[in-house]
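Following: one structure in structure tokens, then a few remarks.
The values are calculated or read from the model by the stated rules, or taken from the named source; none is laboratory data. It should be emphasised that the depicted structure is a prediction, and the values quoted were computed from it without experimental measurement. We place every Cβ from the backbone using ideal geometry, glycine too, and count neighbours over all the protein chains shown. The accessibility values were calculated without ligands, DNA or RNA, using every heavy atom of the protein model including side chains. Shrake-Rupley method; radii C 1.70, N 1.55, O 1.52, S 1.80 Å.
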Amino acid sequence: MTKKTYLYIDGTNLFAGQNELFGPKKYLSFSNFVIELNKIVKIDKIYFYASYLPTTGHLASKYKKLAVIESLFYRDVKAMPKLEFYKGHRSPTSGKEKGVDVHLAVDIIKHAFEGKYDQVAIVTGDADLIYPLEIAKGLGKKTYSFFLPNRFSLELAYKTDSSYV
């Protein structure tokens, strides 16, 4: 019997991490990234959660150059087959992301209870997402965590069955 694996990606965290690694003029090839993850565990479906940097309003000038590369990266992400892209929003005053982590966490739990996957994998550096993985694990799901080297959460790594940098 083949185990079905769903991958949940904190896309804003992934984009910020790659920006720290590569700078604002380059971005990760998302399809190559997924190919590498598939070498570890076969991924059947991807859920990607992100919000775009502000391109209008008083914060737009601060993020203008980065917003261009972000848009190119997310376009590359959306081209991936078997991927659902959840577009969150940002606070108009602070520019901070709102609601994306909650949506990601609820989907992990909802899909676990619905029996949609046997194994769950996550790409994030955010320890706030430990609890939904603990629930999935409590329901008998195998858990994986993947990290960029500059977005590593030791606590999250210890809570999952397998973790990779």
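Descriptive notes on the structure:
- Solvent-accessible area, 1.4 Å probe, carbon plus sulfur percent, for segment 57-165: 55 percent
- Coordinate range of the alpha-carbon atoms in segment 107-165 per principal axis, descending: 34, 18, 15 Å.
- Here is the size of segment 71-114 from its Cα atoms: Rg then Dmax, 13.1, 37 Å.
- Fully extending the segment from TYR164 to THR93, taken as 0.36 nm per residue of separation minus the present Cα-Cα distance, adds 22.0 nm.
- At full extension, LEU72 and ASP126 could sit 17.1 nm farther apart than now, given 0.36 nm per residue minus the alpha carbon distance.
- Taking one quarter of the surface of the convex hull spanned by the alpha-carbon atoms of the chain gives a direction-averaged projected area of 9.3 nm².
- Bridgeable lysines around LYS110 (alpha carbons under 16 Å apart, same-chain partners fewer than 8 residues away excluded): LYS4, LYS45, LYS137, LYS141, LYS142.
- Accessible area of segment 81-165 divided out per residue, in Å², using a probe of 1.4 angstrom: 52 Å²
- Contour excess over end-to-end distance, with Cα ends at HIS103 and LEU154 and 0.36 nm allotted per residue: 16.1 nm
- Label point distance in nm, GLU134-MET80, each placed 7 Å from Cα along Cα→Cβ: 2.7 nm
- Shown is the FRET efficiency for LYS65 and ASN38, computed with R0 = 35 Å from the Cβ-Cβ distance and rounded to the nearest 0.05: 0.65.
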